[in-house]
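Notes for the one structure printed next.
The values are calculated or read from the model by the stated rules, or taken from the named source; none is laboratory data. Here the structure is a predicted model, which is why all the values come from computation and not from measurement. Using ideal geometry, Cβ is built from the backbone for each residue, glycine included, and neighbour counts are taken over all protein chains shown.
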Amino acid sequence: MLYDVIIVGGSYAGLSAGLQLARARRKVLVIDAGQRRNRFAATSHGFLGQDGQAPDVIAAEGRSQLMEYPTVTWVQDSVVQAAVEQGGFSVRTQCNGEFQAKRLMLATGVVDELPAIEGVKERWGTRVFHCPYCHGYELDQGRIGVLAASPLAMHHALMLPDWGTTTLFTNGVFTPDAEQQAQLDRRGVTVEPGGVVRLSGERADVELVDGRVIPLDGVFTMSRTHISPLAQQLGCELADGPTGAYLHTNETRQTSVAGVFACGDTSLAAGSVALAVAEGVRAGVGAHFSLISG
C-alpha cells in the first residue's frame, strides 16, 4: 500500500499531526517505538485540560482517539532507514520491513545526554528536570539547584527563583562574569563554584568535592539533545539549537527536503507536551496542503 503520509514517532506531536491528516481522510501510517521523551516523569503539567495527568495516560488517550479513524494504521516498530524515492519516500523498519508514502513526517523527538554525574540519570524526570514550567510548581517553593552543564545554566538560574530558593552549581563549567553575577545577586541566587561529586538521598542532595552536602528538593539541568539519524539520511538541513542540532523547517513545518515534514522536539528547541501538540497540528495541516497542491 502507498500511504499518503508516514509519521515516524507516535508521541504527542506525531499523534497530533496524525489527527489532522486522519480528519482529512488521508491514509496515514504511524510507526512508533514506544520511547516517549517524558516517560520517566509521573505527571505532565502546563497542557490545558490535562494538567497533572500522567504522560502515558495522555499518550494512550491520544492514540485511542486517533485509531478511531479508519484510514490510520499503527505499527509498533523502530525505523532504521529512510530514503527519498520517485514520487515519495520509503522507510525500513527493524521488524516489519519497508513501507512507502507520498509524504514523510519526522516526529522522532530527541535523545537526552545527561551530565555525567552519579545520581543524575536515576533521578531524571522525578527529581532532576529540564523545564521549570513543567515541574517547578510542584517543588512547592522549596530548595532548588541548577546544575551547570554549559554557560546556558544562567538561563535556568535567573528563572528559577520564581519557583523556590535557588543555588547555581557552576561545577567548573563556567564562572559568571561581573554582569552575570550582578544579575544573579538581584535574583537572590546563591552561587556554589565547587565541583559536584554526586546527587544522593531521597530527593536530590548535592555532594560537593569538599565534602559538604547541600539538601535540595529538586535540580534543573540542560541535557545535550540528539536527533534521529533519519534526518541526515534524507539530507534535511539542520539548525544549531542551545542544546544541540534540530531540524530546520519553514512555516508549514516542511524541512529543506520537499515532502518531508517535522514536528515536536526534533524541530523545536524546547520540550513541552503542549508545544509538541501545537507543532503537530501545524505539521499535519502543512502536510495535507502539500498533498493537495501536489
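Descriptive notes on the structure:
- Inclusion of Gly34 among residues that are touching a residue at least 12 places away in the same chain (Cβ under 8 Å) and in a loop (DSSP other than H, G, I, E, B) is warranted.
- Lone qualifier among Ala148, Ala153, Ala101 - being of a type outside the set (D, E, K, R), touching a Phe, Trp or Tyr at 6+ places or on another chain (Cβ under 8 Å), surrounded by 15 or more Cβ atoms within 10 Å (Cβ to Cβ) and farther than 29 Å from Ala41 by Cα: Ala101
- Of the listed requirements (1) at negative phi; (2) surrounded by fewer than 21 Cβ atoms within 10 Å (Cβ to Cβ); (3) in a loop (DSSP other than H, G, I, E, B); (4) without any contact (Cβ under 8 Å) to a residue 24 or more places away in the chain, Gln181 misses just one: (3).
- Candidates Gly125, Gly172, Gly188, Gly142 - the one that is buried (at least 16 other Cβ atoms within 10 Å of the Cβ) and out of contact with any strand residue (DSSP E or B) (no Cβ under 6 Å at 6 or more places or on another chain): Gly125
- Residues within the stretch 250-287 that are part of a helix (DSSP H, G or I) and surrounded by fewer than 21 Cβ atoms within 10 Å (Cβ to Cβ), tallied: 6
- Residue match in the stretch 233-241 (condition: under 13 Å from the mean Cα position of the chain (by Cα) and either among the β-branched types (Val, Ile, Thr) or modelled with pLDDT under 95 (or both)): yes
- Candidates are the residues of the stretch 195-234 that are touching a residue at least 60 places away in the same chain (Cβ under 8 Å) and part of a loop (DSSP other than H, G, I, E, B); the one that is surrounded by the most Cβ atoms within 10 Å (Cβ to Cβ) is Ala204.
- Candidates Ala239, Ala182 - the one that is out of contact with any Gly (no Cβ under 8 Å at 6 or more places or on another chain), assigned by TED's automatic domain parsing to the domain that holds Ala269 and among the small types (Gly, Ala, Ser): Ala239
- Number of the condition not met by Leu21 [criteria: (1) touching a residue at least 60 places away in the same chain (Cβ under 8 Å); (2) part of a helix (DSSP H, G or I); (3) within 18 Å of the chain's Cα centre (by Cα)]: (3)
- When the test is whether a residue is outside the structural domain of Tyr246 (by TED's automatic domain parsing), among the hydrophobic types (A, V, I, L, M, F, W, C) and in contact (Cβ under 8 Å) with a residue 40 or more places away in the chain, Val84 does not pass it.
- Residues (free of Cβ contacts under 8 Å to residues at least 12 places away in the same chain and either among the hydroxyl-bearing types (Ser, Thr, Tyr) or farther than 30 Å from Leu199 by Cβ (or both)) located in the stretch 87-121: Ser90, Gly97, Glu98
- Enumeration of residues in the stretch 114-148 that are farther than 17 Å from Glu207 by Cβ, acidic (Asp, Glu) and in a strand (DSSP E or B): none
- Qualifying residues in the stretch 30-61 (those that are crowded, with 21+ Cβ neighbours inside 10 Å and more than 25 Å from Pro132 (Cβ to Cβ)) - the one nearest to the chain's Cα centre (by Cα): Asp32
- For the stretch 61-83, the count of residues that are closer than 30 Å to Val197 by Cα, in contact with a Lys or Arg (Cβ under 8 Å, 6 or more places away or on another chain), aliphatic (A, V, I, L, M) and assigned to a strand (DSSP E or B) is zero.
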